[in-house]
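These notes are about the structure you will find just below.
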Amino acid sequence: MVFAESKSGSIILDIENLTKIVRGTHRVALSDVTLKVEAGQVLGLVGDNRTSRATLFRLILGLQTPDSGSLRIFGQDCVSKSPKLNNRIGFLPENIELKKNISAIQYLKLIAGLSGIQEEVAATRIAKYSEVLHFGDYLGTSIRKLSKSERRCLVFIGSLIHDPELLLLEEPVKDLSLVMRKAVRRLIADFSAKGNTVIISSDDLPFLEQVTGDLAIFAEGHIAFEGSLASIRDTRDIPALSVSFSGSADKFENELRIEANRGILSYRFATDTCDIYFDPEMFLSERLRVLLAIIENSETVLLDLRPSAADLGDAVDGIVDKFRETRVSKLVGLRQAVEQRALDYSEADLN
Amino acid sequence: MNSSARMQEVIKPYLYVSLSELREIVVKPSLLLGFLVQIILSVFFVTVGAIDQWMTSEPISWFVILVLGPLALIRMVILIPVAFRSTDRFMTDLILVRGISRLEYFVGKIAAINTYFVLESLIFVFGVAYFSIAFSAPEANDTSWVGLSCAYIIVLVGFGFVGSVLSVLSASGLSTVRTVLIFFLILVTVLLFSVLVGFINVLPENIFRSYGDTVRGLTDLSFSLMLLFFVSLANVTAAYAFFARRDF
């Protein structure tokens, strides 16, 4: 599937029926995965385990080879591609291991040298990205003395230093402060605005919601769903109401708990509102009646009431659960068919 | 692009990997400690050789067998099993993803390790030999520089062979602990077998004497050395074949 929001139309990453079993553990990391990513797209990868997503990145980077299917990156097959093609890709790994005996600037110069970048160009880019990520003060610091978040920033700068066209990010805002998260968000927006492509693997859905336009959801090595954030939310058929009220939040919550057995599946308090998720079987009039009872009993005043957008996390969980159920029922059906066939054969033999 | 510039482009990645690895090796605390121990023991052997005239040409033999060999072995066991391990995230996530091919990385790393051992052993073997000769009485000085160079080549080929075996184990994807354990298992088995078939004489004085004879230019070991060199080369080729096919 090609995402609707794609900008230029040229396909950067073309994966067809890709399967990969992890050597050693024999775990199926990717099973019959088909995915296309276009230039300029910002795609988020989420799902029930990180192995699938990490394996996909390692296949793109040529650190692993597929067992079956094909993966083409910038039009070249991942098995026969030149290693130099990686110069067009920037990669930020989740688990960062660095040489600790050198300073941050020495590390960046080393990385720039390995990427074949001239010193002057490297210096300009280091200065630029250090400023954006508020890292300037740490350039002379030994890597040994850097915190986890500072090391993440350092590697982030390293992943951008060769001006890649495709950025692969694993948990880019893990361990980062709010200020840093904002800076990373801005960096990704600027990067993609130039027509470059970003693929982000993360479990941080609020962050993905802010930076990506599309998501691919992995479940048991398969892509269970792919599409825009809106289309993912639409799959969640639990109607929710967003309620704004004045009065005691504790009393309101107590009443919600009492009413929980009468059609309220879950609720979530935001800054000044409360999202209430109802049983989809309930009519609107029933939902409003329950809500008014809560307002009355908690002695609060209703200020505003509107339909709430479905929670992305709930929608993703729902897709993964549904995918699993479908697979289980398919497997059960398959098993029953095999057993029936075996029974038929044995009866035929007896006859 | 002219041929010279193209050549530079080809060589550059190897050189970059090699130099960065060499810098990393040189500042490794455990190796620095080994270097310090070697300096102290070198001074000891030179002093003893100079005081006791009967040992004039022997310090270098004693030094290689008792100090350089074991210390180099320890350092190889520290350095090589971790060289190509799968869990080295720096190698996989930050080097191999940067347009550096596996061949460039492998050759660069092997070159860095070998350069370190060649330079370091060169300094010590010829340092100990030079000062032993310089400080000892002329009449007791029977070390031949040609013989000493041959002895040094023996040391190098020996190191190279040990390193190549460790490289194969490491590049095949074994964990660091398993690489070290299997290496020592191979070492003990080969030594026991060699002693049993009489290939190695385990008496220390015979070992020292045979090495001393080589230092004095009395023994020709060219065939054995050639054989060992080619076996090492085959080992390194096998190590690369493993490394190039592995999943990281």
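Go through (1) touching a Leu at 6+ places or on another chain (Cβ under 9 Å); (2) crowded, with 16+ Cβ neighbours inside 10 Å; (3) over 25 Å from B:LEU22 (Cβ atoms) one by one and return the number of the condition A:GLU150 breaks.
Exception for A:GLU150: condition (1).
State all residues of segment A:103-154 that are touching a strand residue (DSSP E or B) at 6+ places or on another chain (Cβ under 6 Å) and within 14 Å of chain B (Cβ to nearest Cβ); if no residue qualifies, say none.
Passing the criteria: A:SER103, A:SER142.
Residue by residue, here is whether (1) surrounded by fewer than 17 Cβ atoms within 10 Å (Cβ to Cβ); (2) in a strand (DSSP E or B); (3) at pLDDT 90 or above holds:
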{"site": "A:HIS26", "(1), (2), (3)": "yes, no, no"}
{"site": "A:LEU43", "(1), (2), (3)": "no, yes, yes"}
{"site": "A:LEU59", "(1), (2), (3)": "no, no, yes"}
{"site": "A:LEU110", "(1), (2), (3)": "no, no, no"}
{"site": "A:ILE126", "(1), (2), (3)": "no, no, yes"}
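Can you tell me which residue is nearest to B:ASP247 (Cα to Cα) among those in segment B:78-98 that are touching a residue at least 40 places away in the same chain (Cβ under 8 Å) and within 7 Å of another protein chain (Cβ to nearest Cβ)?
Filtering segment B:78-98 for residues that are touching a residue at least 40 places away in the same chain (Cβ under 8 Å) and within 7 Å of another protein chain (Cβ to nearest Cβ), the one nearest to B:ASP247 (Cα to Cα) comes out as B:THR92.
For segment A:185-203, enumerate the residues that are part of a helix (DSSP H, G or I) and either touching a Phe, Trp or Tyr at 6+ places or on another chain (Cβ under 7 Å) or among the polar types (S, T, N, Q) (or both).
First pass over segment A:185-203, keeping only residues part of a helix (DSSP H, G or I): A:185-193.
The answer is A:SER192, and nothing else.
Could you list all residues from segment A:170-199 that are β-branched (Val, Ile, Thr) and over 15 Å from A:GLY213 (Cβ atoms)? Spell out how you get there, then give the answer.
So the first thing to find is which residues in segment A:170-199 are β-branched (Val, Ile, Thr), and the list is A:173, A:179, A:184, A:188, A:197-199.
Matches in segment A:170-199: A:VAL173, A:VAL179, A:VAL184.
Based on this model, can you work out whether B:SER210 counts as modelled with pLDDT of 80 or more and surrounded by 13 or more Cβ atoms within 10 Å (Cβ to Cβ)?
Details: modelled with pLDDT of 80 or more: no; surrounded by 13 or more Cβ atoms within 10 Å (Cβ to Cβ): yes.
Criteria not met by B:SER210.
So in segment B:137-196, with the set limited to residues that are in a loop (DSSP other than H, G, I, E, B) and crowded, with 19+ Cβ neighbours inside 10 Å, which one is modelled with the lowest pLDDT? Full working, then the answer.
Taking segment B:137-196 as the starting set, the residues that turn out to be in a loop (DSSP other than H, G, I, E, B) are B:137, B:141-144, B:172-175.
Now restrict to residues that are crowded, with 19+ Cβ neighbours inside 10 Å: B:143, B:173-174.
Details: B:THR143: 65, B:GLY173: 83, B:LEU174: 85.
Only one residue tops the list, namely B:THR143.
I'd like to know if segment A:310-319 contains one or more residues that are more than 20 Å from A:ALA216 (Cβ to Cβ) and of a type in the set (Val, Ile, Thr). Break it down into steps so the answer makes sense when it comes.
Of all residues in segment A:310-319, those more than 20 Å from A:ALA216 (Cβ to Cβ) come to none.
Looking for residues that are more than 20 Å from A:ALA216 (Cβ to Cβ) and of a type in the set (Val, Ile, Thr), one finds none in segment A:310-319, hence no.
Checking A:ILE264 against (1) surrounded by 15 or more Cβ atoms within 10 Å (Cβ to Cβ); (2) within 28 Å of the chain's Cα centre (by Cα), which test does it fail?
So A:ILE264 meets the others, but not (2).
Can you pull out the residues in segment A:204-229 that are buried (at least 16 other Cβ atoms within 10 Å of the Cβ), within 18 Å of A:PHE156 (Cβ to Cβ) and of a type outside the set (Phe, Trp, Tyr)?
A:ASP204, A:LEU208, A:VAL211, A:THR212, listed by residue number.
As an exercise: evaluate B:VAL107 against (1) of a type in the set (A, V, I, L, M, F, W, C); (2) modelled with pLDDT of 85 or more; (3) closer than 22 Å to B:SER30 by Cβ; (4) surrounded by fewer than 22 Cβ atoms within 10 Å (Cβ to Cβ) and give the number of the one condition it does not meet.
(3)
Residue-by-condition table, conditions (1) touching a helix residue (DSSP H, G or I) at 6+ places or on another chain (Cβ under 6 Å); (2) touching a residue at least 12 places away in the same chain (Cβ under 8 Å); (3) of a type in the set (Asp, Glu); (4) more than 14 Å from chain B (Cβ to nearest Cβ):
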{"position": "A:ASP14", "(1), (2), (3), (4)": "no, yes, yes, yes"}
{"position": "A:LEU35", "(1), (2), (3), (4)": "no, yes, no, yes"}
{"position": "A:LEU43", "(1), (2), (3), (4)": "no, yes, no, yes"}
{"position": "A:VAL46", "(1), (2), (3), (4)": "yes, yes, no, yes"}
{"position": "A:ARG58", "(1), (2), (3), (4)": "no, no, no, no"}
{"position": "A:LYS84", "(1), (2), (3), (4)": "no, no, no, no"}
{"position": "A:ASN87", "(1), (2), (3), (4)": "no, yes, no, no"}
{"position": "A:LEU98", "(1), (2), (3), (4)": "yes, yes, no, no"}
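Just one of A:PHE207, A:PHE156, A:PHE191 is assigned by TED's automatic domain parsing to the domain that holds A:VAL46 and within 30 Å of A:ASP321 (Cβ to Cβ); which is it?
On the way: A:PHE156 fails: within 30 Å of A:ASP321 (Cβ to Cβ); A:PHE191 fails: within 30 Å of A:ASP321 (Cβ to Cβ).
Just one listed residue meets the conditions, A:PHE207.
Taking A:LEU63 as the residue in question, decide whether it is without any contact (Cβ under 8 Å) to a residue 60 or more places away in the chain and within 12 Å of another protein chain (Cβ to nearest Cβ). Lay out the reasoning, then the answer.
On the way: without any contact (Cβ under 8 Å) to a residue 60 or more places away in the chain: yes; within 12 Å of another protein chain (Cβ to nearest Cβ): yes.
So A:LEU63 fits the description; yes.
Test A:GLN76 against the criterion of being over 13 Å from A:LEU168 (Cβ atoms) and within 9 Å of chain B (Cβ to nearest Cβ), and give yes or no.
Numbers: over 13 Å from A:LEU168 (Cβ atoms): yes; within 9 Å of chain B (Cβ to nearest Cβ): no.
For A:GLN76, the condition - over 13 Å from A:LEU168 (Cβ atoms) and within 9 Å of chain B (Cβ to nearest Cβ) - is not met.
Among the residues that make up segment A:291-313, is at least one of them among the acidic types (Asp, Glu), surrounded by fewer than 18 Cβ atoms within 10 Å (Cβ to Cβ) and in contact (Cβ under 8 Å) with a residue 60 or more places away in the chain? Break it down into steps so the answer makes sense when it comes.
Going residue by residue through segment A:291-313, those that are among the acidic types (Asp, Glu) are A:296, A:299, A:304, A:311.
After this cut, where a residue has to be surrounded by fewer than 18 Cβ atoms within 10 Å (Cβ to Cβ) as well, the list is A:296, A:299, A:304.
Okay, now just the ones that are also in contact (Cβ under 8 Å) with a residue 60 or more places away in the chain, so A:304.
Scanning segment A:291-313 turns up at least one residue that is among the acidic types (Asp, Glu), surrounded by fewer than 18 Cβ atoms within 10 Å (Cβ to Cβ) and in contact (Cβ under 8 Å) with a residue 60 or more places away in the chain.
Among (1) loosely packed, with under 15 Cβ neighbours inside 10 Å; (2) more than 26 Å from A:LEU215 (Cα to Cα), which single condition is A:ASP321 missing?
A:ASP321 satisfies all of (1) loosely packed, with under 15 Cβ neighbours inside 10 Å; (2) more than 26 Å from A:LEU215 (Cα to Cα) except (2).
The values are calculated or read from the model by the stated rules, or taken from the named source; none is laboratory data. Given the structure is predicted, the values throughout are model-derived calculations rather than measurements. Cβ coordinates were reconstructed from backbone atoms using ideal geometry, including for glycine residues, and neighbour counts include every protein chain displayed.
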